[in-house]
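Novice: Quick one: this structure, given as structure tokens, is what I'll be asking you about.
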Ligand code: APR
């Protein structure tokens, strides 16, 4: 099961998978960071479709087409803003990963790429966020066999090495 999980370093807008995940905000009307990059690469039609969705709550996920992106779909999710950890941030972040995988499965998506949700503008410490991300993905894949590939796209060396290290630890602990 863990062989389905891949950690790469790069730009998620360039990844050719069935669906890429967007770390959006509750308006779903674009922003900076990966949200801005995805909207810029997908083109105006993405915003047009997002306007019909009437926003998204933190921890939830909504799906649109990918338009000019190599990916067929974009799954928009809203991560928690980090406020020190006492505002249920970890549960909301876990919900993002789980709800994205659920909506992907409902849409018969076989390959999906995630950014490191909430670890940019929203300030979630990547040490904790990467643990939550990997544990949620691993536990979902243990009970759902429809995915062929789940990729985490890291936007830099440091997150890449951190995610690789954590995934290796999870694999070692499961043997
Ligand atoms: N490809 C992959 N990862 C990227 C890319 C990219 N092109 N651009 C940024 N990232 C990474 C960041 O380095 C960070 O690790 O995505 C992660 C999430 O960072 P943000 O994009 O800032 O998202 P987040 O922290 O969830 O904050 C969401 O930021 O852009 C706004 O509209 C967005 O209000 C929302 C908020």
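The values are calculated or read from the model by the stated rules, or taken from the named source; none is laboratory data. For clarity, every value in this text was computed on a predicted model and none was experimentally measured. As a convention, Cβ positions derive from the backbone with ideal geometry for all residues, glycine included, and neighbour counts pool all protein chains shown.
Novice: Could you list, in sequence order, all residues of region 104-127 that are away from the ligand (no atom under 13 Å from the Cβ), under 17 Å from residue 62 (Cβ atoms) and touching a strand residue (DSSP E or B) at 6+ places or on another chain (Cβ under 7 Å)?
Specialist: 104, 107, 109, 112
Every residue, every condition in (1) under 14 Å from residue 129 (Cα atoms); (2) at pLDDT 95 or above; (3) not in a loop (DSSP other than H, G, I, E, B), yes or no:
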position: 56; (1), (2), (3): no, yes, no
position: 63; (1), (2), (3): no, yes, yes
position: 71; (1), (2), (3): no, yes, no
position: 77; (1), (2), (3): no, yes, yes
position: 97; (1), (2), (3): yes, yes, yes
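Novice: Right, residue 38: within 12 Å of the ligand (Cβ to nearest atom), in contact (Cβ under 8 Å) with a residue 24 or more places away in the chain and either assigned to a loop (DSSP other than H, G, I, E, B) or closer than 22 Å to residue 95 by Cβ (or both) or not?
Specialist: Answer is yes for this residue.
Novice: Given (1) closer than 13 Å to residue 71 by Cα; (2) assigned to a helix (DSSP H, G or I); (3) touching a strand residue (DSSP E or B) at 6+ places or on another chain (Cβ under 9 Å); (4) more than 6 Å from the ligand (Cβ to nearest atom), where does residue 17 come up short, assuming only one miss?
Specialist: Failing condition for residue 17: (2).
Novice: Still on this structure, I have one more. Among the residues of region 137-151, are any out of contact with any strand residue (DSSP E or B) (no Cβ under 6 Å at 6 or more places or on another chain) and within 16 Å of the ligand (Cβ to nearest atom)?
Specialist: Checking region 137-151: not a single residue is out of contact with any strand residue (DSSP E or B) (no Cβ under 6 Å at 6 or more places or on another chain) and within 16 Å of the ligand (Cβ to nearest atom).
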